1. For segment 531-612, report the accessible area per residue in Å² (1.4 Å probe, heavy atoms, rounded to an integer).
2. Could you give the length gained on full extension between Glu462 and Ser316, defined as 0.36 nm per residue of separation minus the Cα-Cα distance, in nm?
3. On the accessible surface of segment 169-243, probed at 1.4 Å, how many percent belong to carbon and sulfur atoms?
4. What does the charge count around Leu571 come to, taking other residues whose C-beta lies under 13 Å from its C-beta (Lys +1, Arg +1, Asp -1, Glu -1)?
5. Run down the lysines and flag those whose C-alpha is under 18 Å from the C-alpha of Lys384, throwing out any fewer than 8 positions away in its chain.
6. Taking 0.36 nm per residue of separation and subtracting the Cα-Cα distance, what length does fully extending Ile407 through Asn187 add?
7. With every protein chain present, what is the per residue accessible area of segment 174-269 (1.4 Å probe, Å²)?
8. What's the center-to-center distance, using Cα atoms, between segment 12-45 and segment 59-118 in Å?
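The values are calculated or read from the model by the stated rules, or taken from the named source; none is laboratory data. Please read all numbers here as calculations on a predicted model, not as lab measurements. So basically every Cβ, Gly included, is an ideal-geometry build from the backbone, and we count neighbours across all protein chains shown. Side chains included, ligands, DNA and RNA excluded: accessible areas come from the protein's heavy atoms. Shrake-Rupley method; radii C 1.70, N 1.55, O 1.52, S 1.80 Å.
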Amino acid sequence: MKLKKLELYGFKSFMDKTEILFNHGITGLVGPNGSGKSTIADAVRWVLGEQSPRILRGAKMEDVIFGGTQKRKRASYCEVSLTFDNSDGKLRSAFSEVCVTRRVYRSGDSEYQLNHTNCRLKDIQDLFRDTGIGREGYSLIGQGRIDEILSQKSEDRRQVFEEAAGIMTYRVRKEEAERKLARTGENLTRIHDILHEIETRLDTLQRESEIARQYQKLFERLKLLEANIFLLRYDKNIHRTEVLRQTMDGLKDVILGEEARLNEFTQQREALDREIEEVETALSSFRQTHNRQLEETHQAEIERERLLGRITQLQSSRDEEEKQLTGIQAETEQLCSAPSDEQEQAQLTEALAGYGQSCENAQTLLQNLLALEQAAETALDRHKAEILAAANRQSDARDRQTRQTTIRAQMAERLSELELSIKELEAQKLILADQVQQDKAAREAAELALAECRDAVSDMLEKTAVFAQKSQNLSDEMQSENLHLQSDRSRLKLMEEMAHEMTGYQQSVKKALDYAGSNPRVHGVLARLINVPQRLETAVDMVLGGALQNIVTDDEETAKKIIDYLRANRLGRATFLPVTSVKSRVLSPDERRVLSMPGCLGVASELIDYDAR
């Protein structure tokens with residue numbers, strides 16, 4: 001197995017995609033300060049799963065992404081790929097070439113890939129375990145790392161040696177198996193406690209279960225009976241509603257029939273009104289014609305009287321003329337009988353001819369007057385006939401008007417009766433509508449009562465389920481509390497054993513405290529003399545580190561005795577803090593100003609509790 005290639009994109013100062021090939025003969029990368037040698041080492045450590053930004057020379061993980069310059073904008077993510085040649089099968093992978101890739105975004109999202117397939121960080125750690133290449137492997141040693149390894153506890157140094165020896169995998173598997181066995185033992189203890197708790201409550205739960213079954217049976221029967229009652233009431237209400245609906249439909253049909261008849265009568269009344277208007281119009285026309293004919297008759301009478309007077313006058317004139325004619329004829333006869341001379345005879349003849357002409361003229365005038373009289377009588381007869389006809393039409397119109405008035409009065413009376421009937425039907429309709437509304441309200445009330453009963457049944461079921469759930473929850477909580485109690489007891493016992501055996505402390509510290517015994521001048525290690533709030537445990541642990549195992553004594557003499565004991569028996573080294581020689585330190589004003597910066601919680605010595613001594 002050997003390293004073949006390193007690819008960087010957007011990692012710290014490597015904005016452009018950079019590919020570094022590790023061919024045969026390459027033993028190192030050299031260059032001036034700031035050329036990126038440490039960045040390449042950080043990239044190798046980062047792609048293998050390093051999670052601490054401090055080790056990568058940053059404050060947060062986002063600092064590994066290219067931050068941009070005056071000419072180039074910052075990158076949104078960075079990516080590093082590391083390729084190994086696995087021809088010898090050193091890595092537990094079926095591929096002859098293994099490529100590990102890590103990508104991180106500014107949003108905080110992170111991705112791991114193994115041969116361009118998404119995977120977990122644990123997969124990568126398992127792949128490189130026992131190869132010395134892992135994040136904590138001995139093959140990646142940065143500046144000052146050797147001093148840090150040598151100054152660490154023996155347990156931490158042991159990890160490096162185990163990694164180099166290739167037994168780290170088995171150690172991890174052993175620790176994981178031990179943890180599983182411990183959890184299994186705790187689970188068995190909890191199961192025994194749960195079984196014991198359940199057995200003590202079994203009789204009570206059986207009685208309660210029997211009561212609950214009986215209650216459920218009675219409740220189901222009650223629910224069935226109530227449902228049957230409500231169904232019967234519902235069916236009755238449905239039947240009554242149906243009867244009322246049929247009655248209402250019949251009344252609606254009657255109302256519709258009466259309304260149709262009313263519409264028919266209304267149309268007939270409107271037709272009669274139109275006929276009456278036509279008759280009144282015709283009667284008015286007849287009256288105008290009659291008045292005009294009366295006027296014409298009056299004029300004809302006046303003309304007739306004038307003509308009669310004229311005829312009388314002409315008859316008088318004719319009588320006179322006849323008398324004159326008779327006298328003339330007599331005279332003529334006398335003249336004819338008396339002898340006369342021819343001159344007189346001629347004069348008489350002329351006079352006779354003149355009288356003859358006058359007679360003819362009179363006869364002609366008489367004939368004309370007789371014709372005028374005949375025409376006037378004819379016109380008068382015609383006017384009389386027209387007057388009689390107009391009087392007959394006027395009488396017929398009056399009869400028709402009287403008949404129409406009678407029919408109209410009858411229709412108005414019938415209309416009043418129909419309106420009264422319609423009002424009665426509307427009143428009945430309102431009564432039926434109110435009754436229907438009451439039935440609907442009763443039906444809705446019954447449905448509401450049924451729904452309320454159903455809701456009540458559901459509520460009771462829900463309450464029963466809630467009570468059962470609460471009972472179960474209480475039982476679960478009790479079991480959980482018992483489990484927690486057992487766990488706390490086990491944890492307390494374990495912690496007491498660890499405290500008694502001083503697990504985690506250096507061997508030299510254990511031997512020094514065993515040698516000191518109950519010496520009142522020895523107060524113990526620093527970790528047992530301070531009380532740190534839970535939220536500050538990690539910070540105090542990081543800042544103190546190995547100093548937590550420093551032994552506090554009253555004076556230097558006591559510390560020297562213990563040191564001589566450790567040196568004489570070759571038990572290792574230990575750090576002592578004599579109270580008489582330790583000097584306190586006060587922050588300077590400049591350092592105090594740092595405390596006002598955002599995110600600063602204060603000085604550790606002011607945030608923890610400890611004895612006044």
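1. Values: 6120 Å² over 82 residues.
The answer is 75 Å² per residue.
2. Numbers: separation 146, 0.36 × 146 = 52.56 nm, distance 13.82 nm.
Here the segment from Glu462 to Ser316 would lengthen by 38.7 nm.
3. Values: 3700 of 6370 Å².
Carbon and sulfur: 58 percent of the exposed surface of segment 169-243.
4. Numbers: positive: Lys510, Lys511, Arg567, Arg570, Arg573; negative: Asp514, Asp564.
So the surrounding residues net to +3.
5. Of all the lysines, none pass the test against Lys384 - Cα under 18 Å, at least 8 places apart if same chain.
6. Working: separation 220, 0.36 × 220 = 79.20 nm, distance 11.01 nm.
Net length gain for the segment: 68.2 nm.
7. Details: 7690 Å² over 96 residues.
Per residue, segment 174-269 has 80 Å² of solvent-accessible surface.
8. 15 Å
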